[in-house]
Amino acid sequence: MTPSISVNRREMLRYGAATAAVASGFVGAQVMANPAAGKDPRDFELEYRGKRIRGVHVGAQDVRSLSRNRSRSHEVFIDDRKLAVMEIELPAAGGGVTVGFISAINHYEPVLIDTGRNRGGLLELTKRAVDVLGDAELTTMAGAAHEHGR
Amino acid sequence: MGIRKNARDLTSAEKAAFVAAVKGLKAQTTGRNYDWFVTTHIQFFAAVGGIRYAHQSPSFLPWHRQYLIEFEKALQAIDPAVDLPYWDWTTDRTTTGTPFTADLMGGNGSGGNGPVTTGPFAGATNWRITVSPSSSTSLRRAMGNRALPTSAQVDSVLGVAAYDAAPWNTSASGGMRNRLEGWQTPNLHNSVHVWVGGHMGQQDSPNDPVFWLHHCNIDRLWSRWQTRWGFDSGHYLPAAGTSGVVDLNETMQPWPGVTPATVLDHRATYTYA
């Protein structure tokens, strides 16, 4: 099974990244150049309900590589403990496919993350995890990446 | 053959027997005890060996059917009279009614996201959680933050004739399975996990015993779909030759010899009342 992956244009665009190479809406084997180092404006580090939360975004090309034995995804830390963030494909409103993210704590309710309408998605996912944790903390199990494949 | 009843129809004695068997399995220190079931669910939520067995794939339904059979057998080794009950959340829709009563599953978590305070699973002394991405050793719930699915939504999903469709994952939009699992609207299974909240919304959701009542209902809904459309092997897809997912006659780990085809017709093993 090697499905073509249609994605929303905005999901392919990353702040600071070259915006070339995206026109067709089909990714295929297309790879965007890794942009120079620099913080993604969607990244965050703040206190929420008594916990220190931190989120680091990776570019769309890194996220897309998850299905091909990737090494990276968006990263979240709650009180310096890692919460692995996992990518899954979802039916997009109006047809096609979009990408959602879940974690060991938010396992049944994906959030969308992109640079447009859902640019606060990772923060939202993290806040929801803190809401669930309450006065508890993450264990090492929460940081274990697990591949959901496709 | 067992008869799986609606939790609201259990007698007091049947509720007590179910709770006692679940707690007996939790207290077991060797073999396939309760925590083995929790660990197995976590392991198979992800792809194993590049294959999605338990979730986000066509075998979501047959894998959990076998998982429930194994759990029910483990309970019956403790008390042969016990069958799994189901929670029909289209009719029991409150945080205090069936099954969240003090004689069965207990109630909501305290303070919106805290430990359950009533019933047989309240507090780490009664029910200690040991395998989890959260450090909480007490069972937690945060019920009612989302809406439960309705019977009209259930009917719409059961009316979809195709079992599943390419690309056989969370983005599949042409079949019943992804609607029932919930990555596609109207989202039946996932939304109930989220509605209960706490441990039920996490990777280690079987730590909450209501997991079994919810999944028993999901299995019942699949059985209703099969009653309408067919229990035969023509009503499971994909049939063969599909990488990354379990075809009709491929083994479902971790159960040697068990395939979707072998569990499609459950009626000789159990039925639903």
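Among the residues of region A:97-119, those that are open to solvent by 40 Å² or more (accessible area, probe 1.4 Å) and either over 11 Å from the mean Cα position of the chain (by Cα) or at pLDDT 95 or above (or both) comprise A:E109, A:R117. Looking only at residues that are of a type in the set (S, T, N, Q) and more than 7 Å from chain A (Cβ to nearest Cβ) in region B:178-196, which one is surrounded by the most Cβ atoms within 10 Å (Cβ to Cβ)? Filtering first and then ranking leaves B:N178. So, A:G28, is that one open to solvent by 40 Å² or more (accessible area, probe 1.4 Å), at pLDDT 50 or above and within 30 Å of B:R52 (Cα to Cα) or not? When the stated conditions are applied, A:G28 does not pass them. Note on region A:49-78: residues that are at pLDDT 95 or above and either closer than 27 Å to B:R179 by Cβ or open to solvent by 40 Å² or more (accessible area, probe 1.4 Å) (or both) total 4.
Scanning region B:221-262 for residues that are surrounded by 19 or more Cβ atoms within 10 Å (Cβ to Cβ) and within 30 Å of B:T101 (Cα to Cα) yields B:L221, B:W222, B:S223, B:W225. For region B:133-152, the set of residues classified as in a loop (DSSP other than H, G, I, E, B), more than 10 Å from chain A (Cβ to nearest Cβ) and in contact with a Ser or Thr (Cβ under 8 Å, 6 or more places away or on another chain) consists of B:M143, B:G144, B:A147, B:L148, B:P149, B:T150, listed by residue number. Considering only residues that are without any contact (Cβ under 8 Å) to a residue 24 or more places away in the chain and assigned to a loop (DSSP other than H, G, I, E, B), look in region A:90-100 and name the one that is farthest from the other protein chains (Cβ to nearest Cβ). Going through the qualifying residues, I end up with A:G94. I'm trying to understand the selection: among the residues of region B:65-87, which are open to solvent by less than 20 Å² (accessible area, probe 1.4 Å) and assigned to a loop (DSSP other than H, G, I, E, B)? Answer for region B:65-87, where residues must be open to solvent by less than 20 Å² (accessible area, probe 1.4 Å) and assigned to a loop (DSSP other than H, G, I, E, B): B:V82, B:L84, B:P85, B:W87.
Scanning region B:158-166 turns up at least one residue that is open to solvent by 10 Å² or more (accessible area, probe 1.4 Å) and within 13 Å of another protein chain (Cβ to nearest Cβ). Within region B:202-211, the set of residues being in a helix (DSSP H, G or I) and either touching a residue at least 12 places away in the same chain (Cβ under 8 Å) or open to solvent by 10 Å² or more (accessible area, probe 1.4 Å) (or both) comprises B:S205, B:P206, B:N207, B:V210. Against the conditions (1) within 11 Å of chain A (Cβ to nearest Cβ); (2) assigned to a helix (DSSP H, G or I); (3) closer than 28 Å to B:T269 by Cβ, B:H199 satisfies every one except (3). If you go through region A:101-150 and pick out every residue that is at the interface with chain B (Cβ under 8 Å from one of its Cβ atoms), farther than 27 Å from B:S110 by Cβ and without any contact (Cβ under 8 Å) to a residue 40 or more places away in the chain, you end up with 1.
Taking region B:250-270 as the range and being closer than 21 Å to B:H41 by Cα and aromatic (F, W, Y) as the test, only B:W255 passes. Of all residues in region B:111-132, those that are more than 14 Å from chain A (Cβ to nearest Cβ) have Cβ atoms under 6 Å from Cβ atoms of residues that are crowded, with 18+ Cβ neighbours inside 10 Å and not in a loop (DSSP other than H, G, I, E, B), 6 or more apart or on another chain, in B:P120/B:V19; B:A122/B:V116.
The values are calculated or read from the model by the stated rules, or taken from the named source; none is laboratory data. What you see is a predicted model, and the numbers here were worked out from it, not measured in a lab. Cβ: placed from backbone, ideal geometry, glycine included. Neighbour counts: every protein chain shown. Areas reflect the complete protein model, heavy atoms only, side chains present, ligands, DNA and RNA absent. Shrake-Rupley method; radii C 1.70, N 1.55, O 1.52, S 1.80 Å.
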